[in-house]
Amino acid sequence: MRAVSGRLHRMPHVFEPAPTGRAKCRGCGRPIAKGEVRFGEHLPNPFGEGEMTLWFHPLCAAYKRPESVLLTLAEAPQSAPDPAALERAARASSAHRRLPRIDGAERAPGSQAKCRHCKERIERGTWRIRLVFFEEGRFMPGGFVHIDCRKAYFEDNDVRDALLHFSPDLSDDERAELMRACGVEPGRASSEAQRT
Ligand SMILES: [Zn+2]
Ligand SMILES: [Zn+2]
């Protein structure tokens, strides 16, 4: 551990209404609307003195920075959307070191990338899971895994809700296709996704 000079207690993480609509969520890259509850993670600045704050939609933080959300959940205001869902997502995500890496799913635009799990190429047009790694206060692109390698890579954890959450640009049809690729039959998607 690095010694932090002068400051024994860091500022706690916060839930608070966003004062403007200008900040983007570090988790999904989309704007956080003015007045919407946001999560602020306070971290030591890895590049210098002092601290920095990373802002998130609460659910995005629950998936990608679960330990920080769990530490702060007791202070989540009543206006935070669905605290039970936040806690559920954060607990699931904190239980496995690879789950916070999930950054959504997409069809591979080319065939260059290799799967981080099986090391085979990911064929163009097939579904792949995007991964990111949190390093020095930033999410860095971390490659991909085949959709069919998800159970091996994530050790049987259910990743479907996280995949959908971080794939907001997919159309409804594409989301249904993605769930089919995960073995979910149309019409049964919701009941399967809600199973805990
Ligand atoms: Zn977000
Ligand atoms: Zn693979």
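The values are calculated or read from the model by the stated rules, or taken from the named source; none is laboratory data. Here the structure is a predicted model, which is why all the values come from computation and not from measurement. All Cβ positions, even for glycine, are placed from backbone atoms using ideal geometry, and neighbour counts span all protein chains on display.
Residues of region 106-135 being of a type in the set (D, E, K, R) and either buried (at least 17 other Cβ atoms within 10 Å of the Cβ) or part of a strand (DSSP E or B) (or both), which ones?
If the condition is that a residue be of a type in the set (D, E, K, R) and either buried (at least 17 other Cβ atoms within 10 Å of the Cβ) or part of a strand (DSSP E or B) (or both), then GLU106, ARG107, LYS114, ARG116, ARG121, ARG128, ARG130, GLU135 are the ones that fit.
Could you tell me whether region 109-117 includes any residue that is of a type in the set (Gly, Ala, Ser) and under 25 Å from ARG38 (Cβ atoms)? Before the answer, list the steps.
Taking region 109-117 as the starting set, the residues that turn out to be of a type in the set (Gly, Ala, Ser) are 110-111, 113.
Narrowing further to those that are under 25 Å from ARG38 (Cβ atoms): none.
Looking through region 109-117, none of the residues is of a type in the set (Gly, Ala, Ser) and under 25 Å from ARG38 (Cβ atoms).
Mind checking which residues of region 55-71 are crowded, with 22+ Cβ neighbours inside 10 Å, assigned to a helix (DSSP H, G or I) and of a type in the set (D, E, K, R)?
LYS64 - this is the single residue of region 55-71 that is crowded, with 22+ Cβ neighbours inside 10 Å, assigned to a helix (DSSP H, G or I) and of a type in the set (D, E, K, R).
Which of (1) under 28 Å from GLU41 (Cα atoms); (2) without any contact (Cβ under 8 Å) to a residue 24 or more places away in the chain is the odd one out, the single condition ASP161 does not satisfy?
Exception for ASP161: condition (2).
I'd like to know if region 100-118 contains one or more residues that are of a type in the set (A, V, I, L, M), away from ligand 1 (no atom under 16 Å from the Cβ) and free of Cβ contacts under 8 Å to residues at least 40 places away in the same chain.
yes
Condition first: touching a residue at least 40 places away in the same chain (Cβ under 8 Å) and either assigned to a helix (DSSP H, G or I) or surrounded by 12 or more Cβ atoms within 10 Å (Cβ to Cβ) (or both). Now tell me which residues in region 72-96 satisfy that.
THR72, GLU75, ALA76, ALA80, PRO81, ARG88, ALA89, ALA92, SER93, HIS96, listed by residue number.
Can you name the condition, by its number, that VAL145 falls short on among (1) of a type outside the set (D, E, K, R); (2) away from ligand 1 (no atom under 16 Å from the Cβ); (3) in contact with a strand residue (DSSP E or B) (Cβ under 9 Å, 6 or more places away or on another chain); (4) under 22 Å from VAL37 (Cα atoms)?
Status for VAL145: all satisfied but (4).
Spot the failing condition for ASP103; the list is (1) under 21 Å from ARG38 (Cβ atoms); (2) of a type in the set (Asp, Glu); (3) surrounded by fewer than 18 Cβ atoms within 10 Å (Cβ to Cβ), and only one is missed.
All conditions pass for ASP103, except number (3).
So, ASP103, is that one touching a strand residue (DSSP E or B) at 6+ places or on another chain (Cβ under 9 Å), outside the structural domain of GLY29 (by TED's automatic domain parsing) and either more than 16 Å from ligand 2 (Cβ to nearest atom) or not hydroxyl-bearing (Ser, Thr, Tyr) (or both) or not? Lay out the reasoning, then the answer.
On the way: touching a strand residue (DSSP E or B) at 6+ places or on another chain (Cβ under 9 Å): yes; outside the structural domain of GLY29 (by TED's automatic domain parsing): yes; either more than 16 Å from ligand 2 (Cβ to nearest atom) or not hydroxyl-bearing (Ser, Thr, Tyr) (or both): yes.
Yes.
Taking the condition of being assigned to a loop (DSSP other than H, G, I, E, B) and surrounded by 18 or more Cβ atoms within 10 Å (Cβ to Cβ), how many residues in region 157-169 meet it?
Of the residues in that region, 3 qualify.
Matching residues to (1) within 15 Å of ligand 2 (Cβ to nearest atom); (2) over 18 Å from VAL159 (Cβ atoms):
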{"site": "ALA62", "(1), (2)": "no, no"}
{"site": "PRO66", "(1), (2)": "no, no"}
{"site": "LEU71", "(1), (2)": "no, yes"}
{"site": "PRO77", "(1), (2)": "no, yes"}
{"site": "SER94", "(1), (2)": "no, no"}
{"site": "ARG98", "(1), (2)": "yes, no"}
{"site": "LYS114", "(1), (2)": "yes, yes"}
{"site": "ARG121", "(1), (2)": "yes, yes"}
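Would you say ALA189 is at pLDDT below 95, surrounded by 15 or more Cβ atoms within 10 Å (Cβ to Cβ) and either outside the structural domain of MET52 (by TED's automatic domain parsing) or touching a strand residue (DSSP E or B) at 6+ places or on another chain (Cβ under 6 Å) (or both)?
yes
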